[in-house]
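Student: Before I ask anything, let me first share the structure, which is written out below as structure tokens.
The values are calculated or read from the model by the stated rules, or taken from the named source; none is laboratory data. Computed from a predicted model, the values in this text were never measured in an experiment. Because the Cβ atoms are built from the backbone with ideal geometry, glycine has one as well, and the counts that use them run over all protein chains shown. With ligands, DNA and RNA removed, areas are computed over all heavy atoms of the protein, side chains included. Shrake-Rupley method; radii C 1.70, N 1.55, O 1.52, S 1.80 Å.
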Amino acid sequence: MQDSQIIESVLAGDTQAYELLVLKYQKQLFFVAQGITKNPAVSEDIVQDALIKAYEKLDTLKNHAGFYAWIKRIVINMSLNHFDRSKWNVDVSTDTDYDFFDNIPVEDTPEQNTLKEELRRYIKAFVDSLPDKLRVVLVMRELEEMSYEEISEVLKIPVGTVRSRLFNARKMLKDRLIKQGLADGVYENEAEN
């Protein structure tokens, strides 16, 4: 069933149908919030609040097929608002349920698996230790795959500032990887993108 069909059902009075959207997107939305807040408990609360807010305002959504983009924007805004209010401390722990860097390919040998896992932990720690303004832009661009224009709109900053922050974040990561001796082919030439 398409999102637009589910939304039509909800608006027609079938409030139980909204659960289908919740089940479909809740995990993805959690990862969006987690990428910004770095706090699983806060991320869960934000997603729940965003889902409630979206349900209450569902009748204002003009493009029912764009539900995910709409709810994702709500989650990002709520995460950023919470982030701004509490000025999060950097947490470089790796014991969260979700690791954004699981997509680094893992080789077959145990030695290669160990090296890749170590690299994953270093990169996550490096990203988590970036200054807030740089980390948020990097997460939105690289992990959420948002366009420069979308990031600009959400953060209410010029596109040039988005590009500058992204460049600086990538450069800082690259420099840290080189300093740690981990840059062999990793993140090379990324600063130009």
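Student: One residue is enough: does the stretch 43-55 have a residue meeting the conditions free of Cβ contacts under 8 Å to residues at least 12 places away in the same chain, closer than 21 Å to Leu138 by Cβ and open to solvent by 70 Å² or more (accessible area, probe 1.4 Å)?
Tutor: No, the stretch 43-55 has no match at all.
Student: Something else about it: Checking the structure you have, find out if any residue of the stretch 31-39 is part of a helix (DSSP H, G or I) and either farther than 26 Å from Ser147 by Cα or open to solvent by 60 Å² or more (accessible area, probe 1.4 Å) (or both).
Tutor: No, the stretch 31-39 contains no residue that is part of a helix (DSSP H, G or I) and either farther than 26 Å from Ser147 by Cα or open to solvent by 60 Å² or more (accessible area, probe 1.4 Å) (or both).
Student: Here is a list: Lys62, Lys24, Lys53. Which entry is in a loop (DSSP other than H, G, I, E, B), modelled with pLDDT of 80 or more and either out of contact with any helix residue (DSSP H, G or I) (no Cβ under 9 Å at 6 or more places or on another chain) or of a type outside the set (A, V, I, L, M, F, W, C) (or both)?
Tutor: Criteria check complete, one pass: Lys62.
Student: Between a first residue in the stretch 27-41 that is under 17 Å from Leu138 (Cα atoms) and a second residue that is in a helix (DSSP H, G or I) and among the small types (Gly, Ala, Ser), which pairs have beta carbons less than 6 Å apart while being 6 or more apart in sequence or on different chains?
Tutor: Ala33/Ser43; Ala33/Ser79; Gln34/Ser43; Ile36/Ser79; Thr37/Ser43; Thr37/Ser79
Student: Among Ser147, Ser164, Ser152, Ser86, which is modelled with pLDDT of 80 or more, open to solvent by 50 Å² or more (accessible area, probe 1.4 Å) and out of contact with any Gly (no Cβ under 7 Å at 6 or more places or on another chain)?
Tutor: Of the residues listed, the single one that is modelled with pLDDT of 80 or more, open to solvent by 50 Å² or more (accessible area, probe 1.4 Å) and out of contact with any Gly (no Cβ under 7 Å at 6 or more places or on another chain) is Ser164.
Student: Asp45: at pLDDT below 85 and either within 18 Å of the chain's Cα centre (by Cα) or outside any helix (DSSP H, G or I) (or both), yes or no?
Tutor: no
Student: Anything in the stretch 98-131 that is modelled with pLDDT under 70 and either assigned to a loop (DSSP other than H, G, I, E, B) or surrounded by fewer than 12 Cβ atoms within 10 Å (Cβ to Cβ) (or both)? List them, or say none.
Tutor: Tyr98, Asp99, Asp102, Asn103, Ile104, Pro105, Val106, Glu107, Asp108 - these are the residues of the stretch 98-131 that are modelled with pLDDT under 70 and either assigned to a loop (DSSP other than H, G, I, E, B) or surrounded by fewer than 12 Cβ atoms within 10 Å (Cβ to Cβ) (or both).
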